[in-house]
Amino acid sequence: MATLSASSVAEGSNLADLVSDADWIAEVETINKRFELSDDGSIQTVFTFSAITPMKGSVASIDEVRIPGGVAAGRGLHIPGMPRIEVGDHHILFLSKESVVQRWRLPVRLSAGAFRVRQARPGAGRTVVRALADQQEPEIQDYQAFRTQVLHEIASQRSR
Amino acid sequence: MKSQASVLVRRIAIFGLALAVVGGTALGYVRIVIGGETLYWNSNTIGWQLSTPGWDDLSEDGSHRAAVRHGLESWENVYGSNLNFRFDGETSSTNFSSHSSHLVVADENNSTGFFPSGTGMVAVTPISYRLSDGRILDADIILNARDWVFSTDLSQGTFDIQDIVTHEAGHLIGLDHSPSLSSSMWPYVSASQWLHRSLSADDKAGAVALKPYGGDSRLNGRVLSPQGGGLSSAVIGIVNVHDGRQMTTVLSEPNGNWTVRGLEAGDYWVYVTPLEGGMGESNLTGDNPVDTNFSADFYGGYQSPYLFALAEGEIYSCGDWILPADSPLQDYLGASKQVHAGSDSTFTLSGSGFSPGGLQIRSKSPYITITKVGGGSSWRRVCATVSSGAPVGQYDLFFVHSTGFLDIAPGAIEVVEEAPSIQSLSHSVVSIQGGEKIQIHGNGFQEGCWVVIGGKEAVQSTWIDSQTLEVIVPGHDGGEVNVMLQNPDAQSCILRNALTYVAVPIFTELWPVAGQSNGGTKVLVHGEDFSSGIQVLLNGRQASTTWISSRLIEVLTPFGTPGGADFIFRNPSAADVVVEDAFLFVSSQDPQISDFTPSTGNGSGGALVKLFGRNLENPARVLFGVDSSTGLGGVEGEALHANAPNEIQVRSPHYRAGSWGVKLELANGQGVMAPGTFFFQPAPVVGGCAGVVGRPGAFQGWGELPSFLVLFLGAWILRRKKGVLVE
């Protein structure tokens, strides 16, 4: 039985599911973010990502992605379960298709679809930390190994 | 043993490296804190509306209404809390951005934009808040009805609407995820799960923290790291000394302070454990730091914890407690194990640092015994034996290592009541009108349980005992329906196709109320829900019945002995409706009217009308203006007089223009409709800006025209005859 995160009730599952469901996968650095107030009153954050490694989907070298939530006009829109992405962060992101009207993409299964790349300490290897504590998954993975797994899974699914 | 990488990262957290998603709470129970502001509602009462589009595929019978309402209202009526929800009706709007209403939406076409293909999200609760102080301006619950299947009957592979809404309602009111496994705010949910429907003590404490009404008993204190600094977002657990139940968990503030509100007077132990394992920092959406650089412990230690005796309304300080150094012990429990009192359950616990032989898993409840079945360095298979008499509630498990390290799984075991079951109903058939009182028989009915019949919540439920419930059935369309019962602890049961709704006829009136004892009286019966196959009996004798509509039938009386007679109305499959002494059989023959003249009169009345027929003695009244198809309505004529047994006369009353029936009633209740209709001519218009303007009194209206015509024609014929004779 699938275990689902009920924050905004997103499924926290394995890499194959993430790759399968994602329309856009890339290793990116966040180089800018700005908030926009939509005509309907909702707030969105427009992230500018510098693609380090495009992996799946149409990923531009400098890509803008709109994600619901943010702050504007003295108020905030909070989406429980949404991963926090800051300028300067380095992530491997699994994003959904774009909403037709709002042009929003959402991290697949919210925090389960955002793996932050970290330098543990000077001289040590890098790790990826998924912003979801699922007992079926290790909290920390070796960066290179995880990256290889993702690329392998994408290739594997393409070949089917 | 925990991997070196894992340990390393936890140590990294110790040194305060920025985390992607971290969380915490101010005064407990994991409230959402963003930018240092705790989200809050200004009012104790939160209005909400059910957005109507999109639910038809989720619950064909409309049972989602009760499920959504109970999901929200589960947060009400919490001891110590003033929080309330107010249902503001249904709306066709799906505009979650509008601050004027807080919606529960079933989005079946991604109109909200939150569910583009591939999100994997089942529901979302966007919260709009004021940056300056965290005041919540709007929050809406949106279910992803495009990608997931929802239900209210725990159908396999579907998400339970009430379960999901209860969790999302926790976010809506400003709560973040809870580290307690049995909490409705635990971050994971599975298909067909119902556990989140009912609040745990942890959730209730959250409701108290959000909207306290004061006067509650409280415990507070401060937790410190081995180095002496305040521990942020450490899990504080409160345990009832006498039965070992976990009363609630809260998270510490960034400076290590913690407060538990809404406690009842009693004796408590207090433990502290890091927020890690199954529920970790990333499951929180706020931005308070989460410290995990310590090992779990009780105030006073695991072996001999301090007892804190709390009086009613008392605020008691437990003081500071310095936690031991971090340990490799960590559990990864993903859900609490439900066990009935007087039974046992075997299950597997996973984690790390479970070195063989060095670990014991224990409960502090006198009602629960844990025995090891098997295990390895990352798992233990245990049997939990729960003795009868164990109070319902959550119980923690304690991982005690021979090295002295302690790990705690808050709320790992939930002792639940017997699951309810419905065996039978006192009625198998009820009226589509609803309103009937029926009894539900079964087992495990708890006080406060509620019932949904055919998708609609029973109007009123009266708990008789654990095996009997009395409910007033709601109205419903005809057909078989399910009966669902849900206990306050959220366990539910369904008896499928248990009740058949049929149209039970409702009697209103009949006419005439008396008839000849040899039968053959035509009686018009008025009411509701007459089936086309209805049968009518008078004093047990079948009467010839003509169905005219669901509101009118025509009955030809059978033979009857003089005296009162009961009418019995029998719709197919429905219970008989008996109307006692509704009709009177009399020995005299029914009146008959063969003709009447004139058949036209002035609308202002006054026309002398003669009626001809038989058995017209003792007329009581003649009614004009009667609806000729139903026999209803009419105004009594004036100056009624019986000229002979076969002739009566009466003056027509004032009545509005048109053709209307005429009926005669005798003094004993017998009656008959006259054949044909009486035409009331329009009354003359006097004055006005259009039409004929006449001199008042000079013309008696068009009702006299036929008389003029008769006189004219008579004179003309006479003249012609005379003429012929002359000629």
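Every read-out reported here was derived from the displayed coordinates using simple, explicitly stated rules and does not represent laboratory data. Values in this document were obtained by computation on a predicted structure and should not be read as measured data. Backbone-built Cβ (ideal geometry, glycine too); neighbour counts: all protein chains shown.
Numbers at a glance
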{"read-out": "Debye equation applied to the C-alpha atoms of the range B:40-167, log10 I(q)/I(0) at 0.10 Å⁻¹", "value": "-0.31"}
{"read-out": "Cβ-defined net charge surrounding B:Asp57, 11 Å radius [Lys, Arg +1; Asp, Glu -1]", "value": "-2"}
{"read-out": "Under the Karplus curve 6.51 cos²θ - 1.76 cosθ + 1.60, θ = phi - 60°, whole-Hz ³J(HN,Hα) for the range B:74-80, x wherever Gly or Pro sits", "value": "4, 8, 8, 6, 8, 4, x"}
{"read-out": "Values of log10 I(q)/I(0), in the order q = 0.09, 0.10 Å⁻¹, for chain B under a Debye, Cα-only, solvent-free model", "value": "-0.86, -0.98"}
{"read-out": "Nearest-ten-degree value, helix B:161-172 long axis tilted from longest Cα axis of chain B", "value": "60 degrees"}
{"read-out": "Cα centroid separation - the range B:220-269 against the range B:381-421, whole Å", "value": "19 Å"}
{"read-out": "Rg ratio (alpha-carbon, reference 2.2 N^0.38 Å) - the range A:13-159", "value": "1.04"}
{"read-out": "Peptide B:187-200 - average C-beta neighbours from other chains (10 Å radius)", "value": "4"}
{"read-out": "Overall Cα dimensions of the range B:425-502, principal axis frame, Å, largest first", "value": "32, 19, 17"}
{"read-out": "Cβ-defined net charge surrounding B:Ser178, 10 Å radius [Lys, Arg +1; Asp, Glu -1]", "value": "-3"}
{"read-out": "3J(HN,Hα) from dihedral phi, the range B:499-508, Karplus parametrisation 6.51/-1.76/1.60, rounded to Hz, x for glycine, proline", "value": "9, 10, 8, 10, 7, 8, x, 10, 8, 10"}
{"read-out": "Crossing angle, helix B:64-73 versus chain B [Cα axis fit, 0-90 degrees, rounded to tens]", "value": "50 degrees"}
{"read-out": "Ranked B:Tyr129, B:Tyr655, criterion: other C-beta atoms within 10 Å, fewest first", "value": "B:Tyr655, B:Tyr129"}
{"read-out": "Which of B:Phe405, B:Phe680, B:Phe87 has the fewest Cβ neighbours within 10 Å, and the rest in rising order", "value": "B:Phe87, B:Phe405, B:Phe680"}
{"read-out": "30 Å Cα-Cα threshold exceeded, pairs from B:Lys211/B:Lys364; A:Lys33/A:Lys97; B:Lys437/B:Lys663; B:Lys437/B:Lys522; B:Lys211/B:Lys437", "value": "B:Lys211/B:Lys364; B:Lys437/B:Lys663; B:Lys437/B:Lys522; B:Lys211/B:Lys437"}
{"read-out": "Long-range amide H partners of B:Ser117 with built H, under 5 Å", "value": "A:Lys97"}
{"read-out": "Added length on full extension, which subtracts the Cα-Cα distance from 0.36 nm per residue, B:Ser629 to B:Asp267", "value": "122.5 nm"}
{"read-out": "Cα-based equivalent ellipsoid, the protein assembly as shown: semi-axes from gyration tensor eigenvalues, Å", "value": "78, 34, 23"}
{"read-out": "Qualifying aspartates and glutamates (Cα of each under 13 Å from Cα of A:Lys56; at least 8 residues distant if same chain)", "value": "A:Asp21, A:Asp23, A:Glu27, A:Glu153"}
{"read-out": "Rg [Å, one decimal], Dmax [Å, integer] - the range B:214-416, C-alpha atoms", "value": "16.3, 49"}
{"read-out": "Amide H contacts of B:Tyr213 (H built 1.01 Å from N, under 5 Å, at least 5 apart or other chain)", "value": "B:Ser81, B:Asn82"}
{"read-out": "Amide H partners (placed H, <5 Å) of B:Thr158, local residues excluded", "value": "B:Ser192"}
{"read-out": "Spread of Cα-to-Cα distances over 5 Å intervals beginning at zero, given as percent, for the range B:506-586", "value": "4, 17, 32, 28, 13, 6, 0"}
{"read-out": "Calculated log₁₀ intensity ratio I(q)/I(0) where the Debye formula runs over C-alpha points of the range B:481-537, q = 0.23, 0.25, 0.28 Å⁻¹", "value": "-0.97, -1.04, -1.13"}
{"read-out": "Note, ³J(HN,Hα) from phi for the range B:444-453, Karplus 6.51, -1.76, 1.60, rounded to Hz, x at Gly and Pro", "value": "x, 6, 9, 4, x, 5, 9, 10, 10, 10"}
{"read-out": "Residue exposure sequence - B:Lys204, B:Lys364, B:Lys437, A:Lys97 - by fewest surrounding Cβ within 10 Å", "value": "B:Lys437, A:Lys97, B:Lys364, B:Lys204"}
{"read-out": "For the range B:305-453, fraction of C-alpha pairs farther apart than 20 Å, in %", "value": "63 percent"}
{"read-out": "Electrostatic dipole magnitude of the range B:294-403 [Cβ: Lys, Arg +1; Asp, Glu -1; Cα centre; debye, to 20]", "value": "560 debye"}
{"read-out": "Cα-based helix-to-principal-axis angle, B:4-14 vs chain B, degrees rounded to 10", "value": "80 degrees"}
{"read-out": "Semi-axis lengths (Å, descending) of the ellipsoid that matches the C-alpha gyration tensor of the range B:363-428", "value": "35, 13, 10"}
